[in-house]
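Notes follow once the structure below has been shown.
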Amino acid sequence: MDKLKVATVGNPAMCVPDAMGPGLPTWMGAIPGMSWFATSMMKKEMEKLDIPPVREFIEMIHDAGCKIYGCKATVDMFHLTKKDFCPQVDGVITVGEFYETSAGAQIIFT
């Protein structure tokens, strides 16, 4: 989670944060170094807004009492296990288990 990169290839939502135009054409994502450049710019924008890095953000969410689950279908499809995730992940569950577990709760991200 400390080495996440912004995907530039095939990302039609890609946009230079300071530009008011339609964003970068998707073909520009194939230029060597564009992913690094986009990731660097995104990190700078996050710092300006005082958004913590992913690891710290996950720790904050977990420490606040929120539960964090991995999607079983995705975990199975990519041949992952719970050991592949950070310690704050409470489990790997199916969509049905998620809705059963979260009945009556406020769901923020799905």
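Against the condition more than 18 Å from D2 (Cα to Cα) and out of contact with any Phe, Trp or Tyr (no Cβ under 9 Å at 6 or more places or on another chain), how does K44 come out, does it pass?
Taking the combined requirement at face value, the residue does not satisfy it.
Across the range 53-90, what is the number of residues that are over 16 Å from M1 (Cα atoms) and in contact with a Lys or Arg (Cβ under 7 Å, 6 or more places away or on another chain)?
Going through the range 53-90 one residue at a time, the tally reaches 1.
Looking at the range 39-65, which of its residues are more than 15 Å from the chain's Cα centre (by Cα), surrounded by 14 or more Cβ atoms within 10 Å (Cβ to Cβ) and at pLDDT below 90?
Answer for the range 39-65, where residues must be more than 15 Å from the chain's Cα centre (by Cα), surrounded by 14 or more Cβ atoms within 10 Å (Cβ to Cβ) and at pLDDT below 90: just M41.
Search the range 96-110 for residues being loosely packed, with under 14 Cβ neighbours inside 10 Å, within 23 Å of M1 (Cβ to Cβ) and not hydroxyl-bearing (S, T, Y), and hand back the single one that is modelled with the lowest pLDDT.
Ranking the qualifying residues of the range 96-110, first place goes to F109.
Can you tell me which condition Y69 does not meet? The list is (1) under 17 Å from the mean Cα position of the chain (by Cα); (2) modelled with pLDDT of 95 or more, and all the others hold.
Y69 satisfies all of (1) under 17 Å from the mean Cα position of the chain (by Cα); (2) modelled with pLDDT of 95 or more except (2).
Taking the condition surrounded by 12 or more Cβ atoms within 10 Å (Cβ to Cβ), of a type outside the set (S, T, N, Q) and either at pLDDT 90 or above or not in a loop (DSSP other than H, G, I, E, B) (or both), does M28 pass?
yes
If you check I107 against the conditions, is it of a type outside the set (D, E) and either assigned to a helix (DSSP H, G or I) or within 14 Å of the chain's Cα centre (by Cα) (or both)?
No: the conditions fail for I107.
Yes or no: the range 67-85 includes at least one residue that is β-branched (V, I, T) and in contact with a Gly (Cβ under 6 Å, 6 or more places away or on another chain).
No: the range 67-85 contains no residue that is β-branched (V, I, T) and in contact with a Gly (Cβ under 6 Å, 6 or more places away or on another chain).
For K82, which of the numbered conditions (1) assigned by TED's automatic domain parsing to the domain that holds K3; (2) at pLDDT below 90; (3) loosely packed, with under 14 Cβ neighbours inside 10 Å fails to hold?
(1)
The values are calculated or read from the model by the stated rules, or taken from the named source; none is laboratory data. Model, not experiment: these values are computed from the prediction. Cβ atoms come from the backbone with ideal geometry, glycine included; neighbour counts cover every protein chain shown.
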